[in-house]
1. Within the stretch 334-346, can you find the residues that are closer than 16 Å to TYR297 by Cα, in contact (Cβ under 8 Å) with a residue 40 or more places away in the chain and aliphatic (A, V, I, L, M)?
2. Pairs under 7 Å by beta carbon, first residue among the acidic types (Asp, Glu) in the stretch 150-165, partner assigned to a helix (DSSP H, G or I), six or more apart or different chains?
3. Just checking, does the stretch 366-378 include any residue being under 30 Å from ASP277 (Cα atoms) and in contact (Cβ under 8 Å) with a residue 24 or more places away in the chain?
4. Can you name the helices (runs of 4 or more DSSP H) wholly within the stretch 272-380 that have at least 1 residues being closer than 22 Å to TYR422 by Cβ and out of contact with any Asp or Glu (no Cβ under 6 Å at 6 or more places or on another chain)?
5. Out of the residues in the stretch 131-163 meeting the condition of being in a loop (DSSP other than H, G, I, E, B) and under 19 Å from the mean Cα position of the chain (by Cα), tell me which one is nearest to GLN37 (Cα to Cα).
6. Looking at ALA184, ALA218, ALA164, which one is under 24 Å from ILE85 (Cβ atoms) and out of contact with any Lys or Arg (no Cβ under 7 Å at 6 or more places or on another chain)?
7. Suppose we keep only residues that are assigned to a helix (DSSP H, G or I) and surrounded by 12 or more Cβ atoms within 10 Å (Cβ to Cβ) within the stretch 381-398. Which one would you say is nearest to the chain's Cα centre (by Cα)?
8. Collect the residues in the stretch 375-429 that are of a type in the set (Val, Ile, Thr) and more than 28 Å from TYR439 (Cβ to Cβ), keeping them in residue-number order.
Amino acid sequence: MKRQRDLFEKKGEESFRKEAPLADRLRPRTLEEFVGQDHLLGPGKVLRQVIESDHIPSMILWGPPGSGKTTLAMLIAAVTQAQFIAFSAVLSGVKEIKEVVAEANEIWRYQKRKTILFVDEIHRFNKAQQDAFLPHVEKGTIILIGATTENPSFEVISPLLSRAKVFTLRALTEKEIELILNRALNDKQRGLGEYVVEIENGLIQRISRMVNGDARIALNTLEMIVLTTSANQNGIRKITTQGLEEVLQRRSFLYDKSGEEHYNLISAFHKSLRGSDPDAALYWLGRMIEAGEDPLYIARRMIRFASEDVGNADPQALTIAVSAMQAFHFVGLPEGTLALAQATVYLATAPKSNALYLAMQGVERDVRELENMPVPLHLRNAPTSLMNDLGYGKDYKYPHDYPDHFIDEEYLPDNLRGKTYYHPSDQGFEKEVKRRLEYWKEKKRKKSLQ
């Protein structure tokens, strides 16, 4: 099986392929060169300690694209002098896992070196493939380092997750991206330092903003603009905003995914939905997608909107929003944008109610500010005889045993008796919900008069 070479080979100076992309050439060679993730790698931090003490556990590196997951795994292998084997979950299966384990056993037998198996996009492995790692991770034959952009709680099987430490990486800050870009410009051996470059004031900061914390995209963008800009008669490559626009051939770089324009556009989209204007909502949707916004971020905002601004006025709205997210996740760009557009029109034209939102605000306020009294005895479960003897569940009235499957009962603790959080509106289906609540309230009132 073809495997990735070690991070670097000692031949006086570190060797690398000059034709490799800038992002690959500029990978840090030491922990001191690594930019970002100070919460994990700063002095005295847990990951730094386990690396420097050479007590490396199997781990999952969870973080956004370009945050340094692959580089960190390679650095761990280099610092600890472990054999580093990398393969992609997209291209490898159980057969390749067995080959890696056999190789790891041979390396330990003859060289007494540990083997770090780095699995990029580990969330793409199915359950059977992930299961294949378990015995070898447990025996210590391999140290598994998995990288994922997805929440490992949902994408990595529980037995494997219980045997690995999860480290969460953060998107790099603008200042950290700027540091990386300036380092690339000044590095004559591995970076772009062999070129004489003049960059328009503020352009490095603009690139740092547009990449949403992704160092790889930042370096690829910088390399592209430098290499495609011709040197003048003095041998100087002058990098301008206009030149960057021409390289990218689109306006997406002007869209700051973490700054004001990002929030302005999503705000305009949300308010157009709330204002029941499908045309405006579709326009802002199109603007965001064309600018390079993550479509799944838009889908998440629509799911929030379905509960916050539509609620039970149209309970189907939440189903439509979730379905649009799943459809896009399955189909991807560009076809998946139609699913988002369909959900956008549905949400914009649905009846609106913020009753659920207001109800939860009231609940959250009382949970924070009022005494959290014990659950009333009649509402408690009694799975043991001791609990039954203590009165758990005593005098509970089973609603299905009564007319209309309803009985006057108190379900709130004593200090909140009679409290009402949810006030349904007269919009859409919520009008029916309001009718039911009023019917049950009237039944309680009549019973109290008897």
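The values are calculated or read from the model by the stated rules, or taken from the named source; none is laboratory data. Source: prediction; values computed, not measured. Methodologically, a virtual Cβ is constructed for each residue, glycine included, from the backbone with ideal geometry; neighbour enumeration extends over all protein chains shown.
1. Those that are closer than 16 Å to TYR297 by Cα, in contact (Cβ under 8 Å) with a residue 40 or more places away in the chain and aliphatic (A, V, I, L, M): LEU340, ALA341, ALA343.
2. So the pair list comes out as GLU150/HIS123; GLU155/HIS123.
3. No, that holds for no residue.
4. On the way: elements: 278-291, 295-305, 316-331, 337-349, 355-369.
The qualifying helices (runs of 4 or more DSSP H) are 295-305, 316-331, 337-349, 355-369.
5. Applying the first criterion (in a loop (DSSP other than H, G, I, E, B)) to the stretch 131-163 yields 132-133, 140-142, 149-151, 156-157, 163.
Narrowing the set further to residues that are under 19 Å from the mean Cα position of the chain (by Cα) leaves 149-151, 156-157.
Numbers: THR149: 15, GLU150: 18, ASN151: 18, VAL156: 23, ILE157: 26 Å.
Going through the qualifying residues, I end up with THR149.
6. So the residue among ALA184, ALA218, ALA164 that is under 24 Å from ILE85 (Cβ atoms) and out of contact with any Lys or Arg (no Cβ under 7 Å at 6 or more places or on another chain) is ALA164.
7. Checked the stretch 381-398; the qualifying residue nearest to the chain's Cα centre (by Cα) is MET387.
8. Filtering the stretch 375-429 for residues of a type in the set (Val, Ile, Thr) gives 375, 384, 407, 420.
Correct list: THR384 only.
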